[in-house]
Every structure is written in C-alpha cells, then in structure tokens.
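Have a look at the structure below before the remarks.
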Amino acid sequence: MFTLGALDQGLEEVSVDEQRRQSHETLVDLADTGFDWAEAFQHERAGLEIAVRQLRAAADPAAEYQRRFGALPSDGFNLPGESDVLAFGRFMTRVSDLFQLPPDAARSRLDELAADLETLHPMFRSTAPVLDRVNEARAEFDETRQELLRRLDSSRTGR
C-alpha cells in the first residue's frame, strides 16, 4: 500500500537537482503544443466517418443520431452523402496540416478554414471542434512549457 512515508523516502532518494533535470527532460521531449494535434484531428475524422457508416446502417438513423449527439440539427436531419464525407476528409486533412505548424503560424490561416467549415454538411459543421479555441489551447500550452523551461534553466544556473 502506498503511504506518505514511501513518498517522503522517494523524495529523499532523488535530489532536487535530479528532479529538475528529469522535469527539464520531460518538458523538452514534449511536443511544443502538448501532443500531436494533427494526429488527433485524423482520429476525429475517422471517428466521424465511422459514425456516418453506423448511422447509415441504423434502423432509424435520426433516432440514432439524436442518441449519439444529443439532438437533431436545427435545420433538419439528413445523412451526409459520400461526396460530403469526402469533403469532410479533405477539410480535416487541411486542419491536420495546419496544426503541424506552430500556433502563431496557424493563426493566420484559421479564417480560411472557418469559411471552408461552413461549406460542409451540417452534421460535420455541428460536430467539428472550434479551431480558434484549439489553436489558443496549443499556444497557451507552448507558452506555459517555455516558461517552465526558462524557470528550470534559471534555477539550474542559480539566476
């Protein structure tokens, strides 16, 4: 069983300098924005494409949509066609490509993607993450990471 005594002992066995070194290595190894956002959007794409296939196979697609997403779209329910799914795939690939860039570089291209999002099928528009917010989170993570690295570096050098 884990006890505070075991934690105390573990802390005594590892010096503060070693803790700082390990923290620094971990922060350096992290992607600038926390994790692979491009890959995350490809997973999002795959999940929604699977959902479309499952909705098509459902006995009552509208009821299944409502069960999964909480409500039917306000402008009526219809399933995306194959061309809609392909357009969504192209859009998500562009999002993935964009989120491989640093947040500041991506910020200037978000308006273009927002306009493209409006051309997608309503199901995809209603389930897509807000790209500005995602990019803000990426930027905040990077700023925090950089600040922690600066603080760790300054504490190692005694500044």
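Some points to look at:
- Check on A114, at pLDDT 90 or above and surrounded by fewer than 16 Cβ atoms within 10 Å (Cβ to Cβ): yes
- Among the residues making up the range 102-129, those that are over 18 Å from A87 (Cα atoms) and of a type in the set (A, V, I, L, M) are A105, A106.
- Residue match in the range 77-98 (condition: touching a Lys or Arg at 6+ places or on another chain (Cβ under 7 Å), of a type in the set (D, E, K, R) and surrounded by fewer than 16 Cβ atoms within 10 Å (Cβ to Cβ)): no
- Selection count where residues are loosely packed, with under 13 Cβ neighbours inside 10 Å and assigned to a helix (DSSP H, G or I), scope the range 122-150: 6
- Within the range 106-156, considering residues that are among the β-branched types (V, I, T) and within 18 Å of the chain's Cα centre (by Cα), the one nearest to L55 (Cα to Cα): T127
- Residues in the range 76-121 that are in contact (Cβ under 8 Å) with a residue 60 or more places away in the chain, outside any helix (DSSP H, G or I) and not polar (S, T, N, Q): F99, P102.
- Among residues of the range 137-159 that are more than 24 Å from D36 (Cβ to Cβ), those with a Cβ under 8 angstrom from a residue that is loosely packed, with under 12 Cβ neighbours inside 10 Å and at pLDDT below 85, sequence gap 6+ or separate chain, pair up as R156/D17.
- On inspection, V52 does not qualify as in contact (Cβ under 8 Å) with a residue 40 or more places away in the chain, closer than 30 Å to T26 by Cα and hydrophobic (A, V, I, L, M, F, W, C).
- For S83, the conditions (1) modelled with pLDDT of 95 or more; (2) under 22 Å from the mean Cα position of the chain (by Cα) are fulfilled apart from (2).
- Just one of the listed residues (E64, E136) is of a type in the set (D, E), within 28 Å of E25 (Cβ to Cβ) and modelled with pLDDT of 90 or more, and it is E136.
The values are calculated or read from the model by the stated rules, or taken from the named source; none is laboratory data. Predicted model, so just to flag it, every value in this text is computed and none were measured. For neighbour counting, all protein chains shown are included, and Cβ atoms are generated from backbone atoms with ideal geometry for every residue, glycine included.
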